[in-house]
C-alpha cells in the first residue's frame, strides 16, 4: 500500500457500529411468517449468507470490517465532508451547514457501503448469484458493481416505473454484468400475479422484493440481498457517520441538527446512528430529522405494527412503521423512497421520540434541489433533495431566531443519472 492509500486507510473506521448495543430498550423482534414466533437466526439462512445473518442478529457494539472490504472502500472512502458556504450565503442564514457527500462513491450513492460487504460475504461462502430488487436503481447499480468486484453474479428486479424513467441505471447495471428484469415480471409467481391483474402495473419495491426473494429461494446457488431496512445493512452504513465525526472534530464543529432522507432508512441510519449512540452514552440530545415524501409517508402516517417487508408475504414480519404491504405508491421520481415500510431500528427510535419524521411534497423537494444546485454546484439525487428541503427550513428557522445552528446532512447520492426527473419540477 502506497503512502497516499495508507493515509486514507488511517481515516477509515476499522469496524461498523451497532446501535443496538447502546439501546436500553430493544426493538420488538421479527416474527416467523408461518409460526408468528420470534425469528431464529437459522430461519434466515435460506435467504442470506450465514455471516450476514449473524451480523443482523448480533448485539455486539462493533463488527470488524474485513481487510478486503476496507481495500474496496479505499477506492472512494473517506467521502468528503463539505461546508455548504454557497447555500449559507444564498439563504442569508447564520446556520453552519455541512454535508457528507456520498455521491463520490461507485455508481454515485451510499449504497456501495453495504453492497461491497454483502458481495464479499456471499463470495466467501461460495454463493454463485445474489438476487435483489431496486427502485431508482442506486442499490441495483451498487450491488452489480460489488458483484463484479468479488466475482458474484447479480440479478436485479427493478421497479417498472423506475426502470422506464431511468434507463441509464439499467444500462449501468448491465455494463457490470448484472441481469436486470422489469418488475412486475412474468418470471415469478409473484410477478405474474400483479402483471396479469394489471399489465400496466407501475410496480413497487414491495412487489420487486417478493420477486427477488422467490427467485433466490428457487435457485440453490443463489441468495437474496437487501439494500436497506435490516439491522446489518444499517450497521454497514455507519461508516458514513463515523467518518463525519472525525471530520467535524478536525473542523472544530459539533452538529446540533442531523438530517437525512428515508425510504427504508439506510442512509439516514448511516449518518445519524453514530451520533445517536454518542447521545445515548453521554446523556446529550441533538435533533434528528428523517425526511420522507408525502406520496409515501411511512413514518408520518403509517402504523407502527408487524407487517411483511414484501407485497406477497414471503418475508418475516417486521415491527415497523408501515403503510401496509399492499400499498402502491404513486410514480414519484424519488424511486428509492417508494417503500411501504421502514427499518425497524429507525421506527423504534421514532417511537421513542429520538428521531423527528417530516414529509415533503416532491415539487418542494425538487425546488430545494434547484436551490442547492445553484448554490453549491452539485445536483443531488431526487431522494437527497427531500433532506435538503428540511435543511433549508431548519436554516431559515435559525435565520429567524438569529441563532448560528450547526446542521449536518447526508447527501446520499448525486442526481446526474436522474437529471431528466427534474423536468416539470419533479412531477411524474
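The values are calculated or read from the model by the stated rules, or taken from the named source; none is laboratory data. Being a predicted model, the structure only gives us computed values, none of them experimental. Cβ atoms come from the backbone with ideal geometry, glycine included; neighbour counts cover every protein chain shown.
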* Structure fact -> Scanning segment 243-256 residue by residue, those part of a helix (DSSP H, G or I) and surrounded by 15 or more Cβ atoms within 10 Å (Cβ to Cβ) turn out to be 243, 244, 245, 247, 248
* Structure fact -> Taking segment 196-215 and keeping only residues that are modelled with pLDDT of 90 or more, closer than 21 Å to residue 264 by Cα and surrounded by fewer than 24 Cβ atoms within 10 Å (Cβ to Cβ), one is left with 214
* Structure fact -> residue 103 fails exactly one of (1) outside any strand (DSSP E or B); (2) touching a residue at least 24 places away in the same chain (Cβ under 8 Å); (3) over 20 Å from residue 265 (Cα atoms), namely (3)
* Asked: Which residues, taken from segment 161-194, are surrounded by fewer than 24 Cβ atoms within 10 Å (Cβ to Cβ), in a helix (DSSP H, G or I) and touching a strand residue (DSSP E or B) at 6+ places or on another chain (Cβ under 7 Å)?
  -> 170, 174
* Is it the case that segment 192-203 has a residue that's farther than 30 Å from residue 389 by Cβ and in contact with a helix residue (DSSP H, G or I) (Cβ under 7 Å, 6 or more places away or on another chain)? -> yes
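A quick yes/no check of all residues on (1) crowded, with 17+ Cβ neighbours inside 10 Å; (2) closer than 26 Å to residue 254 by Cβ; (3) touching a helix residue (DSSP H, G or I) at 6+ places or on another chain (Cβ under 9 Å):
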| site | (1), (2), (3) |
| --- | --- |
| 283 | no, yes, no |
| 288 | yes, yes, yes |
| 297 | yes, no, no |
| 301 | no, no, no |
| 305 | no, no, no |
* Residue check: is residue 83 crowded, with 24+ Cβ neighbours inside 10 Å, modelled with pLDDT of 95 or more and within 30 Å of residue 404 (Cα to Cα)? -> no
* Subset tally (residues that are out of contact with any strand residue (DSSP E or B) (no Cβ under 8 Å at 6 or more places or on another chain) and either surrounded by fewer than 21 Cβ atoms within 10 Å (Cβ to Cβ) or part of a loop (DSSP other than H, G, I, E, B) (or both)) for segment 70-80 -> 7
* Asked: If you check 287, 301, 305, 281, which single one turns out to be touching a residue at least 60 places away in the same chain (Cβ under 8 Å) and either under 26 Å from residue 359 (Cα atoms) or in contact with a strand residue (DSSP E or B) (Cβ under 8 Å, 6 or more places away or on another chain) (or both)?
  -> 287
* Structure fact -> Note on segment 405-428: residues closer than 22 Å to residue 94 by Cα and out of contact with any helix residue (DSSP H, G or I) (no Cβ under 7 Å at 6 or more places or on another chain) are 406
* Structure fact -> From the option list 240, 271, single residue qualifying as touching a residue at least 40 places away in the same chain (Cβ under 8 Å), crowded, with 18+ Cβ neighbours inside 10 Å, under 22 Å from residue 395 (Cα atoms) and in contact with a helix residue (DSSP H, G or I) (Cβ under 7 Å, 6 or more places away or on another chain) is 271
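Among the residues of segment 246-259, which ones are in contact with a helix residue (DSSP H, G or I) (Cβ under 8 Å, 6 or more places away or on another chain) and over 11 Å from residue 273 (Cα atoms)?
Within segment 246-259, 254, 255, 257, 259 qualify.
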* Asked: Out of segment 32-53, which residues are out of contact with any strand residue (DSSP E or B) (no Cβ under 9 Å at 6 or more places or on another chain) and farther than 21 Å from residue 212 by Cα?
  -> 35, 40
* For segment 122-160, what are the residues that are part of a helix (DSSP H, G or I) and within 19 Å of the chain's Cα centre (by Cα)? -> 138, 139, 140, 141, 142, 143, 144, 145, 146, 147
* Asked: When you look at residue 31, is it touching a residue at least 24 places away in the same chain (Cβ under 8 Å), farther than 20 Å from residue 241 by Cα, more than 22 Å from the chain's Cα centre (by Cα) and buried (at least 19 other Cβ atoms within 10 Å of the Cβ), yes or no?
  -> no
* Scan of segment 18-55 for residues that are within 12 Å of residue 230 (Cβ to Cβ), assigned to a helix (DSSP H, G or I) and at pLDDT below 95, ordered by number -> 44
* Identify the single condition in (1) surrounded by fewer than 17 Cβ atoms within 10 Å (Cβ to Cβ); (2) in contact (Cβ under 8 Å) with a residue 60 or more places away in the chain; (3) touching a strand residue (DSSP E or B) at 6+ places or on another chain (Cβ under 7 Å) that residue 64 does not satisfy, given that it satisfies every other one. => (2)
* Is it the case that segment 106-119 has a residue that's in a helix (DSSP H, G or I) and over 25 Å from residue 183 (Cβ atoms)? -> no
